[in-house]
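Just so you know, all these numbers are worked out from the coordinates, no wet-lab data involved. Note that the structure is predicted; figures quoted are calculated from it, not measured. Glycine gets a Cβ as well: all are built from the backbone with ideal geometry, and neighbour counts include every protein chain shown.
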Amino acid sequence: MQISGIFTLVVAALLLINFVQLKKYEPLESQTLNTLVAQLEEDPRNEQLKEEIRDFDMMVRKAYFTSTWQVRTGALLMLIGGVLFAGSLKVYTDLRRRIGVPDTAKEDFLKARMTAWKWLLATGILVLGMAFFAAFSSTNYLENYYPEAIAGTGPSTMDETIEVIEIVDPADTSASGALAGAIQDTATGEPGQDTGADDSAQAGDGQTTAAQQAVPVEKIHGLAEFKKHHNSFRGPMALGVSYHKNIPTSWDGGAGTNVAWKVAISKPGYNSPVIWGDKLFLAGADEEARIVSCYDRHSGQLLWEKKADNIPGSPSTMPKVTDDTGLSAPTAVVDGYRVYAIFATGDVIAFDFEGNRVWARNLGVPQNHYGHSSSLLVWNGKVIVQYDTGKSGRMLALDTKTGASVWDISRDNHISWASPILVDYAGKIQVVTNTDPTVGGYDVETGEEIWKVDVMMGEVGPSCAYADGLVYANNEYASLVAINPEPGAAVQWESYDYLSEAASPVAYNGLLYLATSYGVLVCYDAKAGEQVWEMDFGTTLYSSPMVVDGKLYIMGNDGVMHIVKADRSGTLIGEPVLGEPSYAIPAFAGGKIYIRGSESLYCIGE
Amino acid sequence: MIRKNYRLGFLVLMVFAFLALNAQQRFPKPEFESGYEQPNTTTPEPRTAGMEVFDVIVLFGVMALATWLILKKRSRRGVLWLSVFTLLYFGFYRNGCICPIGSIQNVTLALFDPGYKISITVLLFFLLPLVFALFYGRTFCAAACPLGAIQDLVVIRPISVSSWVRKTLSFIPHIYIGLAILFAATGTDFIICRYDPFVGIFRTDGPYLMIGLGIAFLVLGMFFARPYCRVFCPYSVLLGFMSHFSKKHITITPSECINCKLCANSCPFDAIEAPIDEKVRTESTVRKNLRNYVIFGLLVPVWIFAGGFAVSKAHVFLSKAHPDVYLSELLIAQPELREDTENLDIQAFLESGKSMDQLVEEASVIRSKFRTGGWYLGGYLGLVLGIMLMNQFVLRKRKDYIPHKRDCFSCGRCMDYCPVGEQSGDRKSGIVKAKQ
């Protein structure tokens, strides 16, 4: 009996160990194999790698099937051992059985009954409690079904997933045909130039003319108007250059020196503030909600804060993102009428300046292992979305009024975390993107590819820079290249010495500035590609440099702003401290700097 | 006695050893070096109608024989060997399917889904044990149930469990059968079959977890006899109810009980009711119990309503077990999974041509059924609980040791302990037989 019992126990223990091993040897779950396959995808002609994969695959499968066989054989052995043990135990107990004696230990009948009804009562209450718990802890997803969002059996088209809400401003709700015509007219203006329209109609002062009320027109703002504000990621056209003057160079956020105001931020996010007129916009998100906030940039007063919820097709559970990217990494964009924001869920939403929701749609949850981070751009009535995910390369333009797709292109590139920039070249506005492997330019009006160069690799984070007819792109472990953005584009010069991981380069006044994640700011001659100077700040630099008022501002992750003269001298002007970490890019307007810290939003400048 | 047990143990061992030797790996171990070819997948032929009828005849025969052995022959040994046969035939040969326990679901689905038909053999498998129980007690459990047989054979050192524990645990089968009927009626799942702990052993194949569970039940059954039958078996609810009205139930004594108390601990299932001492039934006790009986009786409607309300509220949770509801909620919550080519359920749905609207509409209908079903299930559980509570205050006169008609499996063990012989002629007193 003892032998069979011990045998059974030993076999059971071995089975348990084997079972754990079996899980480990699951061929499809092998990390090594998956890594090798991923490497092969990057280098499909590597015969040695193929052979290595074959050998490893065979080894893993052998291990798996051997373990399977061992488990099954062991189970049978354990069964036999168990039967033997049971039989032996039966014989043993029969041999030790004593002659039956009359029942002596009698249960107290009434006491047992009393105990029984109490326990039954407790059981009933427990069952009721479990039922209520199940009831209140379950989500009825069927109630969240929006037929227009995911109807049909095929892949859902984007137009089906748009929820459009009428703009509250009555001037905007009439005569859509005339409005469209007006937009068309203004869109034909020279690219890169302001249409010259008076934007008081949307500024909310209410002094619109009778003609405007009859035929409301949304003037399309170009670069000239954008320069007055800070409407997008890295400023106007996302080029890293701001046109504001008298920007402060010294402050102390912790002590409150030269700090106009400071307000706490309600939800986290790595996105940067954007500004239009008196209003400053921020996005934020956590597991509970995704929000867009609007502040009075003069006083720091929170004007409104709206949730991006109930969006058709939006996932009810947040996608997995890493802490260093989060659910709200992309910076919002503003066009003078509305603010547009995108989140890691693939939700794109538009609010007017009063906080009224205009439209919202979900682009499909992006397959992105860190979290979606490409910021939005706006140009000529279109919101530009770079949507390169693990599934496919994609870029689309959405109508600023309705969210409908104006164009939607698939691209043959891998996932990217960089943001698009706008380039005014040869009389045409291009959307220029940096991806693995393509750096390319696309017609902002149609999405058509104008040029591309397959030169980049890896997990691309930095956006491109542009100045004086050259596009600059780089990525860590790849290279820094300068490309002429036209059909037949080619690399004009390249460098490998310094490469950035997250910060985007900026080109200004014949110089190119690049910040590495390990704290080195480098200046190149933009035409020749020769290094002019370098400066080691000894800190981590994820935020992108901005050139403003002849100075270059770059925020370190530790909250120290490094201010350098934007010229060949490489003179350090100052290193004011914010007092808390910061990863965002500062916004500039009206002689002030607006900085998003990890906890608070600061306005610098008295 | 010892030789008998040796023989039994040896037989069971040989059966397992034979099955083990003949058990083939479903997927032979591939030999990558020798040009191994994947075998073609084959689907086993369904059992012929003739063989299905034969199964019914065997079931009827086993129950008839068991009834005769218990009521007429009073042979525990006969019942034991018959249960060994049942284990081999309905268990290992028929792989535990079809069985009357699982047939509850087939019958339920046939009642609620006009498109689902069951054969007469399935219906007979469901009804025959109940009919036998109505007249003769749970003779099906004694020798015709493979699940009972495999547990009965491993009962080695049963321990007695307090009556309040047994009564509390006896509520579980009601929950189980209620859920099984709800799930079957809504076409959700056959949970009795899915969670049958012994079918993996009968088939020497199945998920490790279920085989492990079966082994755990057997190990537990060495000391807490027939745990599945007593704590979980949903069919026991119906059998117990029928058996409650049986006229010719097994008796411990063949004639008049002499209250020798030798049988009191003979039942490994604690299914023998002791006499109620007249001293217990004092006037005040009876009055107090009557008052409580009335109070709890008045509370029965409250229990019914509370149960119905609570379980109907849980309909969202319960309905998630239905594949259509699960799939539709998955696609609503995570629409991006449409692109997941590795999710076979989603791909099958997309290829089916059915629209999302249809799927959600069907899921909503199913969920609505769960809400209605929840009221019935909860109401039933409330009713059962209310009656069980009332029964705790019933004090009937009982002067003999008698098997509890609802809980007794009619295994016949107690008969062996009774020293009273058969009553012959018109002699009124029992004859004490010589016990070996």
Problem set entry | Share of Cα-Cα pairs in the stretch B:242-318 lying beyond 17 Å, as whole percent | 72 percent
Seminar exercise, completed: Among A:H298, B:I366, A:P586, the residue whose Cα sits farthest towards the positive end of the charge dipole of the protein assembly as shown, when +1 is placed on the Cβ of each Lys and Arg and -1 on the Cβ of each Asp and Glu, is B:I366
Problem set entry | Simple label model, 7 Å out from Cα along Cβ direction - B:L88 to B:D340, nm | 4.9 nm
Seminar exercise, completed: Counting other chain Cβ atoms within 10 Å of each Cβ in B:213-221 and taking the mean gives 2
Seminar exercise, completed: As a Kirkwood estimate from alpha-carbon pairs, the stretch B:283-391 has a hydrodynamic radius in angstrom of 16.6 Å
Problem set entry | Per-q log10 I(q)/I(0), chain B, q = 0.14 Å⁻¹ (Debye; single scatterer per alpha-carbon; no solvent) | -1.44
For this session: Round to the nearest 0.05 the FRET efficiency obtained for A:E530 and A:A426 when R0 = 30 Å and r is the Cβ-Cβ distance.
Result: 0.70
Exercise. On the first, second and third principal axes, largest extent first, how far apart are the outermost C-alpha atoms of the stretch A:2-93 in Å?
Worked result: 71, 15, 14
For this session: Could you work out the mean count of beta carbons from other protein chains within 10 Å of each residue's beta carbon in B:314-322?
Result: 5
Seminar exercise, completed: The set of residues whose placed amide H lies less than 5 Å from the amide H of A:W493, leaving out same-chain residues fewer than 5 positions away, is A:A482
Seminar exercise, completed: Mean separation of Cα contacts under 8 Å (at least 6 apart) over the residue count of the stretch B:192-236, i.e. the relative contact order in percent, is 25 percent
For this session: For the protein assembly as shown, build the charge dipole from Cβ charges (+1 Lys, Arg; -1 Asp, Glu) around the Cα centre, then report which of B:V161, A:P576, A:N258 sits farthest towards its positive end.
Result: B:V161
Seminar exercise, completed: Which residues qualify? For A:L377, with a placed amide H closer than 5 Å and at least 5 residues away or on another chain, they are A:I384
For this session: Provide the packing ranking of B:149-156, A:414-421, i.e. peptides ordered by the mean count of other C-beta atoms within 10 Å per residue, highest first.
Result: A:414-421, B:149-156
Problem set entry | Part-to-part distance (alpha-carbon centres) for the stretch A:547-580 and the stretch A:489-527, which is given in Å | 16 Å
Seminar exercise, completed: In vacuo Debye sum over C-alpha of the stretch B:171-278, base-10 log of normalised intensity I(q)/I(0) at q = 0.19, 0.20 Å⁻¹, listed in q order, is -1.11, -1.16
For this session: For the protein assembly as shown, just list the percent of Cα-Cα distances falling in each 20 Å bin from zero outward, please.
Result: 11, 30, 24, 20, 12, 2, 0
For this session: Can you tell me which of B:40-47, B:276-283 comes out highest on packing, and rank the rest after it, using the mean Cβ neighbours within 10 Å?
Result: B:276-283, B:40-47
Seminar exercise, completed: Descending packing, highest mean Cβ count within 10 Å first, for B:202-215, A:386-399 is A:386-399, B:202-215
Seminar exercise, completed: With x for Gly and Pro, the residue-by-residue ³J(HN,Hα) of the stretch A:242-251, computed from phi through the Karplus equation 6.51 cos²θ - 1.76 cosθ + 1.60 at θ = phi - 60° and given in whole Hz, is 10, 10, 7, 10, 6, 8, x, 10, 9, 6
For this session: Report, as an integer, the average count of C-beta atoms from other chains found within 10 Å of each Cβ along B:198-206.
Result: 1
